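What follows is a short report on a single structure.
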Amino acid sequence: MMLFRSARIATLVAMMICCGCGSSAPRASDEGVYEVGRLRITLDGGWYKQTRSDLPRAQAPSSTWSREGVEHDRLFVTGGVGDGEPVFKASDYPGLPVFRPNMSATETADFVAKSLQAVLWNGSASVAASNARERGFTGLPGFEFELSADVPGSASHRGIAGGFVDGGRLYLTVYLAESPGYFERHRQAAQAVIDSSVPTMKTIRW
């Protein structure tokens, strides 16, 4: 009798452990509109929300998604970097560059590249921005640019980024992925997210 009860308990414990493992696995985000701070984006159903504790912490509200796992690709969205603030937590990464609302598209691209270089791959990668250009987002002046990252001992990465400034705050979406391979496969989906970016509420200027 005791052996039977012990076997049942062991089976229940194993089931609980398996259920716990399954519940922690990333789940594909439902297709639809998501808000990150005051930034609104639209995702298709192929993105997986990332909640790992080892992801870099951002200064403003932020979220990270991936299609293949953050070791291979990541979509980073942050909604509202203020004047004089870094993209990522200054307490975690001292000496980060800070955002200024009067930056040009080229200056913003360089600021983002230096920020990513400081926090990703333990600061060992060389990240560069290129082809910075102006573009509009629902009537707001914005920018787009491309990224490349040489990662020692790992695959090179390419990326695209876009965003805008509203009310003196930076709203930014960045996609980085291994290349050749995942970047080329998912670039169109990432570009669609960038193109969908809108503020949840525009700043009214009198």
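If the Cβ limit is 6 Å and pairs must be 6+ apart or interchain, which residue in region 150-165 that is among the aliphatic types (A, V, I, L, M) pairs with which residue that is assigned to a loop (DSSP other than H, G, I, E, B)?
The qualifying pairs are VAL151/ALA125; VAL165/PRO101.
Given the residues ALA105, ALA113, ALA118, which is the only one that is among the hydrophobic types (A, V, I, L, M, F, W, C), under 23 Å from ILE41 (Cα atoms) and within 17 Å of the chain's Cα centre (by Cα)?
ALA113
Condition first: in a loop (DSSP other than H, G, I, E, B), in contact (Cβ under 8 Å) with a residue 60 or more places away in the chain and within 13 Å of TYR171 (Cβ to Cβ). Now tell me which residues in region 49-82 satisfy that.
ALA60, GLY82, listed by residue number.
Please return the ranges of strands (runs of 3 or more DSSP E) entirely within region 87-206 where 2 or more residues are basic (Lys, Arg).
In region 87-206, 126-137 are the strands (runs of 3 or more DSSP E) which contain 2 or more residues that are basic (Lys, Arg).
For region 63-96, give me each residue that is closer than 21 Å to ILE160 by Cβ and surrounded by fewer than 19 Cβ atoms within 10 Å (Cβ to Cβ).
GLU68, GLY69, GLU71, HIS72
Please verify whether ARG158 is within 17 Å of the chain's Cα centre (by Cα), modelled with pLDDT of 95 or more and of a type in the set (Lys, Arg), treating the condition exactly as stated.
Yes, satisfied.
Any idea how many residues of region 43-66 are at pLDDT 90 or above and touching an Asp or Glu at 6+ places or on another chain (Cβ under 8 Å)?
Residues in region 43-66 being at pLDDT 90 or above and touching an Asp or Glu at 6+ places or on another chain (Cβ under 8 Å): 7 in total.
Find the residue count for region 179-200, including only residues that are over 15 Å from the mean Cα position of the chain (by Cα) and under 23 Å from VAL151 (Cβ atoms).
6
The values are calculated or read from the model by the stated rules, or taken from the named source; none is laboratory data. As the structure is a computational prediction, the values presented were derived from the model and not from experiment. Cβ coordinates were reconstructed from backbone atoms using ideal geometry, including for glycine residues, and neighbour counts include every protein chain displayed.
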